[in-house]
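Inspection log for the structure reproduced underneath, given as structure tokens.
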Amino acid sequence: MVSAGFESAREDVNVREWVDGWVVSRGASAPLLEPWGYTIHVGQIPHVARHVLAATNDAVLEADVRKATESARGLNWHLKVFADPERVLPWLAPGWEPYGSGDYLMVTELDASETVPGPPPGYRLHTWDRGGVTRVLLTDSDGSFAARGQIAPVGASAVVDQIETAEEHRRRGLGKVVMRTLHAAARAQGSTRAVLACTPEGRLLYEAVGWRTVAPLTNAKFVG
Ligand SMILES: CC(C)(COP(=O)(O)OP(=O)(O)OC[C@H]1O[C@@H](n2cnc3c(N)ncnc32)[C@H](O)[C@@H]1OP(=O)(O)O)[C@@H](O)C(=O)NCCC(=O)NCCS
């Protein structure tokens, strides 16, 4: 678990937990502590590294966004700020381009009484653990991909990541099966709550299984 390298009153514990779990989920570097948050090396051509602001909503300060976007950067470095894009975007240093919209930071308590449904008829459920990450895969009757997701439990908090249902299998409850299976896996590993960053479509699924929003997410990447 990382600890704040900045004024801790402005740190949102949900962000710190998201960062701690996300780096496990993606096999990224340990977060480097910055005066305004965290820098993580991801190591992929489209996603070299990312800066994440530690505060959320109104606690995100213009000076911190400016410092973060003026600090170490290169092509395909990303920025994650959990605050309203209308406030944040005017503060980006030159060379940063926004992407995505309607994304959010979300949290939930992991309810021990939640029942875990089996896969709908015709689908098969596969789960496995590797490197601190539990993965769930649903395949259809001919073995092809239907849905997936993963969770990284890091102590009391777990991070849900990379939830996806193939287009032709959507709205059949597969996302719910994936989520509830992941919730149960994290509970079994000792987590009592979970956090994630979502797309607008993901938000609808997560709300349907008990999650709530904490803050909007502003995304940008450095394009030079
Ligand atoms: C988000 C996603 C995983 C949902 O998967 P899914 O298998 O279709 O989800 P489910 O069928 O289990 O949906 C469960 C509930 O979530 C809500 N929901 C999910 N998708 C919705 C949509 N497009 N519109 C409205 N409600 C939606 C509904 O309440 C739904 O219940 P209902 O069908 O009985 O109304 C899928 O749309 C997807 O892969 N999207 C692209 C990738 C993505 O954005 N992933 C999330 C990253 S954070």
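The values are calculated or read from the model by the stated rules, or taken from the named source; none is laboratory data. Note that this is a predicted model, so its numbers are computed, not measured. With ideal geometry, Cβ positions are generated from the backbone for all residues, glycine too; neighbour counts draw on all protein chains shown.
For the stretch 97-108, indicate whether the set of residues that are away from the ligand (no atom under 16 Å from the Cβ) and not assigned by TED's automatic domain parsing to the domain that holds ARG180 is non-empty.
yes
Could you tell me whether the stretch 164-178 includes any residue that is closer than 25 Å to ARG16 by Cβ and at pLDDT 95 or above?
So far as the stretch 164-178 goes, no, none of its residues is closer than 25 Å to ARG16 by Cβ and at pLDDT 95 or above.
Only one of (1) aliphatic (A, V, I, L, M); (2) away from the ligand (no atom under 14 Å from the Cβ); (3) under 20 Å from TYR123 (Cα atoms) fails for VAL154. Which number is that?
Going through (1) aliphatic (A, V, I, L, M); (2) away from the ligand (no atom under 14 Å from the Cβ); (3) under 20 Å from TYR123 (Cα atoms) one by one, VAL154 breaks only (3).
I want to confirm something. Restricting to the stretch 105-163 and keeping residues that are part of a strand (DSSP E or B) and of a type in the set (S, T, N, Q), which single residue is nearest to ASP84 (Cα to Cα)?
Filtering the stretch 105-163 for residues that are part of a strand (DSSP E or B) and of a type in the set (S, T, N, Q), the one nearest to ASP84 (Cα to Cα) comes out as THR108.
So is VAL42 surrounded by 14 or more Cβ atoms within 10 Å (Cβ to Cβ), within 14 Å of GLU11 (Cα to Cα) and modelled with pLDDT of 95 or more or not? Walk me through how you get there before you give the answer.
Numbers: surrounded by 14 or more Cβ atoms within 10 Å (Cβ to Cβ): yes; within 14 Å of GLU11 (Cα to Cα): no; modelled with pLDDT of 95 or more: yes.
No: the conditions fail for VAL42.
Checking GLY224 against (1) modelled with pLDDT under 95; (2) part of a strand (DSSP E or B): exactly one of these is not met. Which one?
Of (1) modelled with pLDDT under 95; (2) part of a strand (DSSP E or B), only one is false for GLY224: (2).
Applying the selection to the stretch 183-221, what residues are in a loop (DSSP other than H, G, I, E, B) and either crowded, with 21+ Cβ neighbours inside 10 Å or more than 12 Å from the ligand (Cβ to nearest atom) (or both)?
Those that are in a loop (DSSP other than H, G, I, E, B) and either crowded, with 21+ Cβ neighbours inside 10 Å or more than 12 Å from the ligand (Cβ to nearest atom) (or both): GLN189, GLY190, SER191, THR192, TRP211.
Output yes when any residue across the stretch 168-182 is assigned to a strand (DSSP E or B) and within 15 Å of the ligand (Cβ to nearest atom), and no when none is. Working first, answer last.
Quick first cut of the stretch 168-182, residues assigned to a strand (DSSP E or B) only: none.
Within the stretch 168-182, not a single residue is assigned to a strand (DSSP E or B) and within 15 Å of the ligand (Cβ to nearest atom).
Which numbered condition in (1) part of a strand (DSSP E or B); (2) under 18 Å from VAL160 (Cα atoms) is the only one that HIS78 fails?
(2)
Pick from the stretch 104-124 the residues that are of a type outside the set (Val, Ile, Thr) and buried (at least 19 other Cβ atoms within 10 Å of the Cβ): which of them is farthest from TRP18 (Cα to Cα)?
PRO119
Out of the stretch 117-144, which residues are among the hydrophobic types (A, V, I, L, M, F, W, C) and within 22 Å of the chain's Cα centre (by Cα)?
TRP128, VAL133, VAL136, LEU137, LEU138, listed by residue number.
For LEU125, all conditions in the list (1) at pLDDT 95 or above; (2) within 30 Å of ASP12 (Cα to Cα) hold save one; what is the number of the exception?
Going through (1) at pLDDT 95 or above; (2) within 30 Å of ASP12 (Cα to Cα) one by one, LEU125 breaks only (2).
Residues are listed down the side, and each one gets a yes or a no for (1) under 23 Å from GLY224 (Cβ atoms); (2) crowded, with 18+ Cβ neighbours inside 10 Å:
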residue: ASP12; (1), (2): no, yes
residue: VAL23; (1), (2): no, yes
residue: TRP36; (1), (2): yes, yes
residue: PRO46; (1), (2): yes, no
residue: ALA49; (1), (2): yes, yes
residue: ALA55; (1), (2): no, yes
residue: ASP58; (1), (2): no, no
residue: ASN76; (1), (2): yes, no
residue: VAL81; (1), (2): yes, yes
